[in-house]
1. Using θ = phi - 60° and the Karplus relation 6.51 cos²θ - 1.76 cosθ + 1.60, list the HN-Hα couplings for segment 48-54 in order, rounded to whole Hz, with x at every Gly or Pro.
2. Rounded to the nearest 0.05, what FRET efficiency is calculated for L18 and T195 with R0 set to 22 Å and r the Cβ-Cβ distance?
3. Run the numbers for L41 and S245: contour at 0.36 nm per residue of separation, minus the present Cα-Cα distance, in nm.
4. Under 18 Å from a point placed 7 Å out from the Cα of Q98 along the Cα-to-Cβ direction: which residues of segment 115-134 have their backbone N that close?
5. If I fit a long axis through the Cα atoms of helix 201-212 and take the longest principal axis of the Cα atoms of the chain, what angle between them do I get, 0 to 90°, rounded to 10?
6. Please compute the length gained on full extension between S25 and T212, using 0.36 nm multiplied by the number of residues separating them and subtracting their Cα-Cα distance.
7. Relative to the compact globular guide of 2.2 N^0.38 Å, what is the alpha carbon radius of gyration of the chain, as a ratio?
Amino acid sequence: MSISTLFCDPANIDNASLFCQLSPSGNTYLEAFVSAVGWTLQLSAIAWVLAFIMGVAVGIGLTSQNRLVSRICSGYVELFRNIPLLVQLFLWYYVIPQVLPEQIGKAIISMQYPYSVFWPAVLCLGLFTSSRIAIQLSSGIRSLPRGQSMAATALGLTRFQMYKYVLLPMAMRIITPPLTSEMLNLLKNSSVAYTIGLLEITGAAASMQESTFQTFPSYLAATALYVIINLLILVIMSAVERFFSVPGFISGKG
């Protein structure tokens, strides 16, 4: 059973409300927005996994005692943090496939839509966000009391074990609130994928506006969807923050 069958009258669909009217693609605008929410969530979720993994790795590298590793990670952060997100997206979509080895570039270009635009958007959003996560994680690690790392060393833990069992668990608790902000920013930044043709929420709103010339309801629907999704993320992350909080802990003290 389609979403239109549930909320629209299929016998009179052309004269129904604006969202129940048929779009040029043959689906109703309601179905288009439902599909757009799915693409937005997929894009944001996969990009977040990439951002988190890369952000943790680079964040650890920023606090490394090896100067070469630290400088490479600093260069990574400065590269992705200081180039506008939209420019990065165009680079990933238009430029990178052209400079890669010919077979790889052709394989990327020949991907079927929407994956031909989906994966460049994932890489762009993931790496851009990872640079911000890396800075926050490194700041969280540096804010921990020196006594914790000294105690880990005294116990005979290796550097790897010290990060795994002592520094990272505490730092992650400290940076949970800014990580929540980054998660919200990533969801909102997913709207730039519309510029390369992915019909996520903003893309669906723009498509509806261009076809119906109804600007207000189109973007009002997009706004409402972003607000609802962000509020759900806030509720979930608030519960996560309370669950992992360390009572009485004050960073940088003791």
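1. Rounded to whole hertz, the list is 5, 4, 4, 5, 5, 4, 5.
2. The calculated FRET efficiency here is 0.35.
3. So the extension gain works out to 70.7 nm.
4. Within reach of a label on Q98: 117, 120-121.
5. Relative to the chain, helix 201-212 is tipped by roughly 20 degrees.
6. Working: separation 187, 0.36 × 187 = 67.32 nm, distance 1.32 nm.
Extra length available between S25 and T212 comes to 66.0 nm.
7. Values: Rg = 22.4 Å, N = 254, 2.2 N^0.38 = 18.0 Å.
With N residues counted in the chain, Rg over 2.2 N^0.38 Å equals 1.24.
Since every read-out is calculated from the coordinates, none of them should be taken as a lab result. Remember, predicted model here, so these are calculated numbers, not experimental data. Methodologically, a virtual Cβ is constructed for each residue, glycine included, from the backbone with ideal geometry; neighbour enumeration extends over all protein chains shown.
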